[in-house]
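Scroll down for the structure; my scribbles are underneath it.
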Amino acid sequence: MELTAHDPYEQTLRPVKVNDTWGYFRVGDGLVIDAVFESVKEFSEGCAAVCLEARDQLNNRQPLYAIINESGEMLIPPVRGVPVSPHGFTDGRLLVLCDTGSTFLLDKSGHRHFEGQFAYLDSFYDGRACVRVGERYGFIDVNGEIVIAPRFGKPAQFSDGFALVSEPGGRTTGIIDTQGNDILFPGQDLRLTGLSEGVVVARSLQGEFFMNLNGEPLFDDLIFPYGVLPYSEGMACFVATPGDAINVGFIDRDGRQYDPQYVFAEPFEDDLCQVQFLDGRKAFINKKCEHAIDVSDYTRVGNFMAGLAPVWQGQKLGYINKHGGTVWEPTM
């Protein structure tokens, strides 16, 4: 695979630990942001949170974080609190937890939004953030206006313009769009357990199956008695047998099934999926369920993102590419 200067594989900055402090490297350039931080978060939307000062347990002070750009420049004055957004900045804002237990959303100019305003506050996705008002959950827009009334029993997040929600005090689940319109509420006979890529996972007494957003089965008479996970990059993982010797297989968007031969599988990311075989071997497979990279020698392996996957040898962190080649030797 020939890389160009525009390949995200080359351009993406990745966290690395060098002599107990953290910085960032880029493929081909080595360490591009010096390892001077207590800890760091992944880059997202061109920004990353880096820890300048660890939490002070004795004085009960939250860690001190700064927001930097891809040149390592500090964008705003340091902030005390813990960045808790799993994906970093989304829709231009980062969710931060205060030492008081409240949360706020920090933008790239350093402004805090909605601090202490809601009992529960989540990150923005598709221009909507889930909040709790009283005992129920609804959604606000970026201005803090409630645009979907608090009427749900659990927190929810939008993805691709839709969110899976639950009614208060019951198991009934349904799907809404970003305007709060009810898209699919099938009633008590079915429970919706997953939503991804416009495909719904529904559970009946017979097992789980796929539906479209109109409530129509995606594949006739295809039910998974022991469970199936939502689609990820066009591939879904299903459980073929119950008990300790679980065999996991895959089904694609055309309904083609691939033989169950794994005891564990992660969702597909960046065209590859991490699996574990019955004999304990760990590997990445492609979307034809063909063996791509053996990673059995590593203590722990993360998923691929933009061409690289983190790997650990004990406490040492390194990175591999999609050919299994090491692009950053594990360090600590």
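Throughout, read-outs are computed from the coordinates displayed, never taken from laboratory work. Just so it is clear, the structure is predicted and the values come from calculations on it, not from any experiment. Cβ atoms come from the backbone with ideal geometry, glycine included; neighbour counts cover every protein chain shown.
Spin-label pair Ala54-Asn143: with each label point 7 Å from Cα along the Cα-Cβ axis, the two points sit 4.5 nm from one another. For the chain, the 222 nm mean residue ellipticity estimated from helices alone, with every DSSP H stretch of n ≥ 4 adding -39500 (n - 2.57) and the total spread over all residues, rounds to 0 deg cm²/dmol. Note the listed values (1) 70, 42, 36; (2) 82, 38, 31; (3) 57, 50, 41, then indicate which one is Cα extents along the principal axes in Å calculated from this particular structure. Working out Cα extents along the principal axes in Å from the coordinates points to (3).
Subtracting the Cα-Cα distance of Leu31 and Gln179 from 0.36 nm times their residue separation leaves 48.8 nm of extension gain. Each of Asn286, Phe264, Val199 was placed along the dipole of the stretch 186-295 (beta-carbon charges, centred on the mean Cα), and the one lying farthest toward the positive end is Phe264. When only Cα pairs below 8 angstrom with a gap of at least 6 residues are kept, the stretch 138-288 shows a relative contact order of 10 percent. Charges were assigned to the Cβ only: +1 to each Lys and Arg, -1 to each Asp and Glu. The resulting dipole of the stretch 235-332 about its Cα centre is roughly 100 debye.
Taking Ala119, Ala49, Ala236 in turn, the Gaussian network model of the chain (Cα-Cα springs below 10 Å) assigns the largest fluctuation to Ala119. Residue ranges 304-312, 54-62 sort as 304-312, 54-62 when ordered by packing (mean number of other C-beta atoms within 10 Å per residue, highest first).
For Arg281, what charge total do you get from the other residues with a beta carbon under 13 Å from its beta carbon, if Lys and Arg give +1 and Asp and Glu give -1? Around Arg281, the charge tally is -2. Approximating the spin labels as points 7 Å out from Cα along Cα→Cβ, the Leu75-to-Thr100 distance works out to 2.5 nm. Between the alpha-carbon centers of the stretch 303-318 and the stretch 266-282, tell me the distance in whole angstrom. Going from one Cα centre to the other spans 14 Å. With the simple model of a label 7 Å out from the Cα in the direction of the Cβ, His323 to Gln257 spans 3.8 nm. Full extension of the chain between Thr331 and Glu45 yields a length gain of 100.3 nm, computed as 0.36 nm times the residue separation minus the alpha carbon distance.
Report, in debye and to the nearest 20, how large the dipole of the chain comes out about its Cα centre when Lys and Arg carry +1 and Asp and Glu carry -1 on their Cβ.
Here the size comes out at about 860 debye.
Mean sequence separation of contacting Cα pairs (under 8 Å, at least six apart), scaled by the length of the stretch 1-101, corresponds to a relative contact order of 16 percent.
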